[in-house]
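Report on the structure given below.
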Amino acid sequence: MISKKAAQVQPAATLAMSGLAKDMQADGIDVINLGVGESDFQTPKHIAEAAISAIKLNKTSFYTPTSGVKELKQAIVNQVAQRYHADIALNNVTVTTGAKLSLYVLMQTLLNPNDIVVAAAPLWVSYIEQIKLAGGIVKTIQPKNEALKLTVADLEKVAEQVKLIIVNSPTNPTGQVYTRDELIAITDWAKQHDTYIILDEIYGQLVYNGTTFTSGLQIQPLENSRMIIVDGVSKAYAMTGWRIGWTLASSEIIAVMNKLLDHMTSNPTAVAQYAAIAALSGDQSSVETMRLAFEKRLNTTFDLLNTVPGLQVVSKPQGAFYLFPKVSDAMLLATGVADTSDLSMKILEEAHVAMPSGEGFGMPGYLRMGYAKDQVVLNEAVRRLTVFFQQYI
Ligand code: PMP
């Protein structure tokens, strides 16, 4: 028998949907896969070349320090200084195999059995399972505002002592960005209540239409604080496959994480670390080129998607690369499905568009469309969705 702990874990709805789409594609079916959060751009050439050069120079036959090579940690410290005018030290940084592992290790580092973790729904699929694996209890809050952002008023309503708050800005799946004032209010609340707070800033460089991104690093210092930042190269640098992310936190928290990581992965892949150094220290123009392309796609696709019968994106996303349309109750009824999870399967099978449903994000009644695809592909996806939903009006 496998462990009870493992048995309770749900598969990642996003990866499961994307996997089904890939299987159908392998069978020769023309499926549009909008399921997973990966950029359609190629990793910029200078980044790939840095990795090739690391291989040629044999920077591969040894373990690096668990927390990453010094040059990478320095590149992270420098970028943080440049982008946020924040002064952090090398021992405030640990590099992990993707931001996902940073988050996993943080849950293991911070949580005792039955500790309460609060986050707004919808929330990224893996937080829930990672918290459960660490024995914690997730309290998801359904915010009352249209943007579905967590507020201090929501936090005040939680009766139990909160151990950890997770805020993801820009948010996957809604694309909403927390303003400076909203972040200050939440981080102040956390401080007053001795609560840890993780700010997942993985989409921080991908904000659109004049939106300003505020990092926690612009609000509070890390040392002697319970604020923790998670970031990585996956999204802004088209580097999801390289698996490099990091945690920025007090040296105390980082030291404990490193102890855990010693027994988990040792270091993240050396070659990928050298690629990440080139990403952070090299020419940043490709980030801006990709950001502008995402912005254009967002603006076009947001308008198009809102013309599909039964679908509505209530608050226009300001960042990340997802749209999270609500399916009207009338449409859900008309399609004859039990819930949006069934609806997303029906859309995959009949319209050949792969989009995970809101259930995996703690928010039934919605679908998630990743728009990191060429506009021609997005237009075709919207056309297919329109044809699909028109049958039911
Ligand atoms: N946080 C959020 C909100 C994400 O959407 C993702 C990727 N889908 C991650 C973290 C993990 O990113 P990485 O590729 O660095 O593991």
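Readers should treat all values here as calculations from the given coordinates under stated rules, not as data from a laboratory. Being a predicted model, the structure only gives us computed values, none of them experimental. Here the Cβ positions follow ideal geometry from the backbone for every residue, glycine too, while neighbour counts run over all protein chains shown.
Only Cα pairs under 8 Å and at least 6 apart count here; give the relative contact order of the chain as a rounded whole percent.
On the way: 755 pairs, mean separation 91.5, N = 393.
For the chain, the relative contact order is 23 percent.
May I ask you to list the chymotrypsin sites (Phe, Trp or Tyr not before Pro) in the stretch 49-95 that are in a DSSP loop and have at most 16 other Cβ atoms within 10 Å of their Cβ?
Details: sites: F62, Y63, Y84; in loops: F62, Y63.
Taking the stretch 49-95 and a limit of 16 other Cβ atoms within 10 Å, the loop chymotrypsin sites (Phe, Trp or Tyr not before Pro) found are F62, Y63.
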Next on the checklist: Per 0.36 nm of contour for each residue apart, how much would the distance between A81 and I29 grow if the chain were fully extended, relative to their Cα-Cα spacing?
Outcome noted: 13.9 nm
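Suppose every K and R has +1 on its Cβ and every D and E has -1 on its Cβ; what is the size of the dipole of the chain about the Cα centre, in Debye to the nearest 20?
On the way: 32 positive and 36 negative charges, 96 e Å.
Dipole magnitude for the chain comes out near 460 debye.
Restricting to the chain, compute how many DSSP beta bridges are antiparallel as a %, nearest 5.
Values: 15 of 35 bridges.
Beta bridges within the chain, antiparallel portion: roughly 45 percent.
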Item to check | the stretch 1-132 pair-distance distribution - Cα-Cα, 10 Å bins, rounded % | outcome: 9, 23, 31, 28, 9, 0
Checklist entry - Picking from M355, S18, M257, whose Cα lies most toward the positive end of the charge dipole for the chain (charges on Cβ: Lys, Arg +1; Asp, Glu -1)? => result M257
Checklist entry - Which of the lysines could a cross-linker bridge to K4, judged by Cα under 25 Å and excluding same-chain residues fewer than eight apart? => result K100, K132, K139, K163
Item to check | Under DSSP loop assignment and at most 15 Cβ neighbours within 10 Å, longest GluC sites (Glu not before Pro)-free interval of the chain | outcome: 224-393
Checklist entry - For the stretch 1-44, what is the largest minus smallest coordinate of the Cα atoms on each principal axis, given in angstrom and ordered from greatest to least? => result 40, 30, 13
Next on the checklist: Quick check for you: which residues of the stretch 362-393 have the amide N under 19 Å from the point 7 Å beyond the Cα of D40 toward its beta carbon?
Outcome noted: 368-387
Checklist outcome for this item: Over the stretch 62-281, the quotient of the Cα radius of gyration and 2.2 N^0.38 Å is 0.96
Next on the checklist: Placing +1 on the Cβ of each Lys and Arg and -1 on the Cβ of each Asp and Glu in the chain, which of L304, V377, H193 has its Cα farthest towards the positive end of the resulting dipole?
Outcome noted: H193
Next on the checklist: Rounded to two decimals, what is the ratio between the C-alpha radius of gyration of the chain and 2.2 N^0.38 Å?
Outcome noted: 0.98
Item to check | J(HN,Hα) series, the stretch 112-128, from Karplus relation 6.51 cos²θ - 1.76 cosθ + 1.60, nearest Hz, glycine and proline x | outcome: 9, x, 6, 5, 8, 10, 10, 8, 7, 9, x, 9, 4, 3, 6, 4, 4
